[in-house]
1. Filter region 1-22 down to the residues that are small (Gly, Ala, Ser) and open to solvent by 20 Å² or more (accessible area, probe 1.4 Å), then identify the one that is farthest from the ligand (Cβ to nearest atom).
2. Being within 30 Å of Pro304 (Cβ to Cβ), in the same structural domain as Arg100 (by TED's automatic domain parsing) and open to solvent by 10 Å² or more (accessible area, probe 1.4 Å) is the requirement here; does Lys214 meet it?
3. Taking Asp223 and the conditions (1) open to solvent by 60 Å² or more (accessible area, probe 1.4 Å); (2) in contact (Cβ under 8 Å) with a residue 60 or more places away in the chain, which numbered condition does it fall short on, given that it satisfies the others?
4. Does region 162-182 hold any residues that are touching a residue at least 40 places away in the same chain (Cβ under 8 Å) and more than 15 Å from the ligand (Cβ to nearest atom), and which are they?
5. So, of the residues in region 187-211 that are under 21 Å from the mean Cα position of the chain (by Cα) and open to solvent by 10 Å² or more (accessible area, probe 1.4 Å), which turns out to be farthest from Met23 (Cα to Cα)?
6. Within region 294-323, how many residues turn out to be closer than 27 Å to Asn147 by Cβ and open to solvent by less than 40 Å² (accessible area, probe 1.4 Å)?
7. Which of the residues that make up region 187-206 are part of a loop (DSSP other than H, G, I, E, B) and of a type outside the set (Lys, Arg)?
8. For Glu69, indicate whether it is within 16 Å of the ligand (Cβ to nearest atom) and out of contact with any strand residue (DSSP E or B) (no Cβ under 8 Å at 6 or more places or on another chain).
Amino acid sequence: MTSDPILLTPGPLTTRETTRRAMLKDWGSRDPAFIALTAELRSRLLGVAHGEGTHAAVPLQGSGTFAVEATIATLVGRDAHLLVLANGAYGERMIAIAIRLGLHVTALRWPEDVAVDPASIDSALQLDGTISHVALVHCETTTGLLNPLQAVAEIVARHGRKLLLDAMASFGALPIDLRSTPVNAVIASSNKCLEGTPGLGFALIETAALAGAKGVCASLSLDLHAQWCGFETNGQWRFTPPVQVVAALVEALRTLEAEGGPPGRLRRYADNLEVLAEGMGRLGFELYLPRALQAPIIATFRTPEDGGFAFQPFYDGLAERGFLIYPGKLTKAESFRIGCIGAIDRRDFTRLLAAIAEVINVP
Ligand SMILES: *Cc1c(COP(=O)(O)O)cnc(C)c1O
């Protein structure tokens, strides 16, 4: 057990042993016990963002991207117009999804180290009355950048449009309160800040929007209206559910509650980032983003310019010492990334920093 590497990759990530142990059981997917587990899953997911009474949780088999594609395909109809706000790879992915689905889509782009700008979104909506939906990535995992959710949500609502939020890398840690933040659909997955195992995506969707989405989705398996109807009629999944992943996620959601919910989790992640950024600074590594834009989810570091640094030997040296990190995903600057999320705390980062000092030969 102790020889398992620490995953500093933001999904799959390091999970608690209790979470993994919850997978050591077979479940009949149509048995009352699993129906009850699914009901607990849906209710706990809704509770994380306070969507009780306004939204419905619709889990879907697959990774996070499946849930993003399903949500867009279910809620954005042929006569709709989607505006995607993009400042990284995941915004670009939503644009690619909408194009592939043959939807009417417009992109508003910013550089990777700049947050989306509420004022230009305001004017875009002012100028184009045909835009019906706006899509935003809450935390852009490309860099670790936090976009201004509250400001964007208020503008979109003021214009009477609907906001779709890719909250994949933030749900469960960064604040998302559906009572005070108008969001039509919040999309996330099992294996990021919820610290579950991979295999499940989900969306929390306004019940009225779901009810109105019958027959919109051109795909059978990605149709979240049909998926929701399945849960509402007999509490069951339409198609084979990843039963062990569901069991692990429910266990992980109970753990989240015990940690004090998203505020408790955010405190631990912020502490992780603090230790990491401070220690990396001492070792001569610079954060790519300004601190004000940096979410405590994943940190991007610039590759040192002294020429002696190469990612692969750095990765291998850390892997030998039990730490798996991520390559950079920037289109321009050379970089690498270190995740702050998962069942890890400052002691793991202190050990990581010692391993980094060894690998780069700092005495
Ligand atoms: C991880 C992630 C996704 C989905 O990725 P999958 O590999 O499909 O799980 C989407 N958006 C963001 C912001 C992410 O961090």
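1. As a first pass, look at region 1-22 and keep what is small (Gly, Ala, Ser): 3, 11, 22.
If we keep only those that are open to solvent by 20 Å² or more (accessible area, probe 1.4 Å) as well, we get 3, 22.
On the way: Ser3: 26, Ala22: 20 Å.
Out of the qualifying residues, it is Ser3.
2. On the way: within 30 Å of Pro304 (Cβ to Cβ): no; in the same structural domain as Arg100 (by TED's automatic domain parsing): yes; open to solvent by 10 Å² or more (accessible area, probe 1.4 Å): yes.
So Lys214 does not fit the description; no.
3. (1)
4. Lys162, Pro175, Asp177, Leu178, Arg179
5. First, pick out the residues of region 187-211 that are under 21 Å from the mean Cα position of the chain (by Cα): 187-206.
Those still in the list that are open to solvent by 10 Å² or more (accessible area, probe 1.4 Å) too: 191-192, 197-199, 206.
Details: Asn191: 14, Lys192: 17, Thr197: 9, Pro198: 12, Gly199: 12, Glu206: 31 Å.
This residue is Glu206.
6. Residues that pass the stated criteria total 9.
7. Taking region 187-206 first, the residues part of a loop (DSSP other than H, G, I, E, B) are 190-199.
Within region 187-206, Ser190, Asn191, Cys193, Leu194, Glu195, Gly196, Thr197, Pro198, Gly199 meet the criteria.
8. Working: within 16 Å of the ligand (Cβ to nearest atom): yes; out of contact with any strand residue (DSSP E or B) (no Cβ under 8 Å at 6 or more places or on another chain): yes.
Judged against the criteria, Glu69 is a match.
The values are calculated or read from the model by the stated rules, or taken from the named source; none is laboratory data. Note that the structure is a prediction, hence the values are computed from the model and not measured. Ideal geometry is used to build each Cβ from the backbone, glycine not excepted, and the neighbour counts take in all protein chains shown. For accessibility, only protein heavy atoms count, side chains too; no ligands or nucleic acids. Shrake-Rupley method; radii C 1.70, N 1.55, O 1.52, S 1.80 Å.
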